[in-house]
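All of the numbers you see were taken from the coordinates with simple rules; none came from a lab. Not measured: the values here are computed from a predicted model. A quick note on method: Cβ atoms are made from the backbone with ideal geometry, for glycine too, and the neighbour counts reach across all protein chains shown.
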Amino acid sequence: MAYFSLPLDLVATVYIQAASLTEAKTKFDRIASKGIDARDKRWFSNAPFGSFFLPELSFATSMTLLKPTGRGCGEIEESDLRQQLTSREQNLKASVLPHSADWFGEGTLPVYTVDLHVRTTGFVRAASLGEAEAFVAKLDDNGVHWETAAQWFEFDGMNDKEYPLILSPSITVVGISRGCEVSLRWPLSKDEPDYAAELNAAIRKLSEGFSILEIGGLAKRLKHYFATTDMSFTLLGDDEIMQLAGQLIGYRIEKQSYNAPPQFT
């Protein structure tokens, strides 16, 4: 077996607590064109909006791996590959944002968000360059979840015969995704449709089976949705929300045509 590397692009979502849109943009400028370390957990948070534990600036705990636009695979020695998997001190949050607080705003500051175009290096294990390129050609908008970080950023992640791909933990912020801009995410008015539309899309997407990661992803969306409303569901614990997410997905699969409840339309 041999190892091959290629540049890979992803979409990441960043959350910024700030008193105003202008302040949020200023804070975002501090990470523009910088690198982040995917192994540094301070960069990532799944705390709900309005939580005391939401950092001043953090990335969502999942990114979307975009379909490569070209081939570009090149063979790489194992020693060089392992070197590229090493964390870089300059990409630690404490280095890029030395005064950024992990607990910030005490749940009262607005949260702004934007989708980012980020880039890293992917590594494929294959018998030949042709086999590596054939595998890469099949990549299509896969989710990179930090719940399974060891499978993405560790050398042993390439032992998966069906998915022998891992990523360098050094991720560069290329810029804001096309068509996006820094905008208010929380709090929103009760008439704001964004959360309901996002939740509805998540349910509709799961039309063929489901996994624990999919249930977990929907559970997080539910938790964020509940955190921005006056619904009594906010009293549910994480385990109860996971159960609710599983029931929703199961119901979706049982029905050939899904009709969303009024609050999700």
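List of remarks:
- Cα shape, segment 42-90, gyration tensor, a/c 1.5 rule: oblate
- By the Cα gyration tensor, segment 70-176 has an equivalent ellipsoid whose semi-axes, rounded to whole angstrom, run 32, 16, 13 from largest to smallest.
- Qualifying GluC sites (Glu not before Pro) for segment 116-176 [loop in DSSP, other Cβ within 10 Å: at most 15]: Glu154, Glu162
- About its Cα centre, segment 63-172 has a charge dipole of approximately 260 debye under the convention of +1 per Lys or Arg Cβ and -1 per Asp or Glu Cβ, with nothing else charged.
- Kirkwood Rh (inverse of mean 1/r, distinct Cα pairs), segment 43-124, angstrom: 15.8
- Length available on full extension from Asn142 to Glu77: 0.36 nm per residue minus the Cα-Cα distance, which gives 20.8 nm.
- Distance between modelled label sites at Phe155 and Asp102, nm, 7 Å Cα→Cβ extension: 2.9
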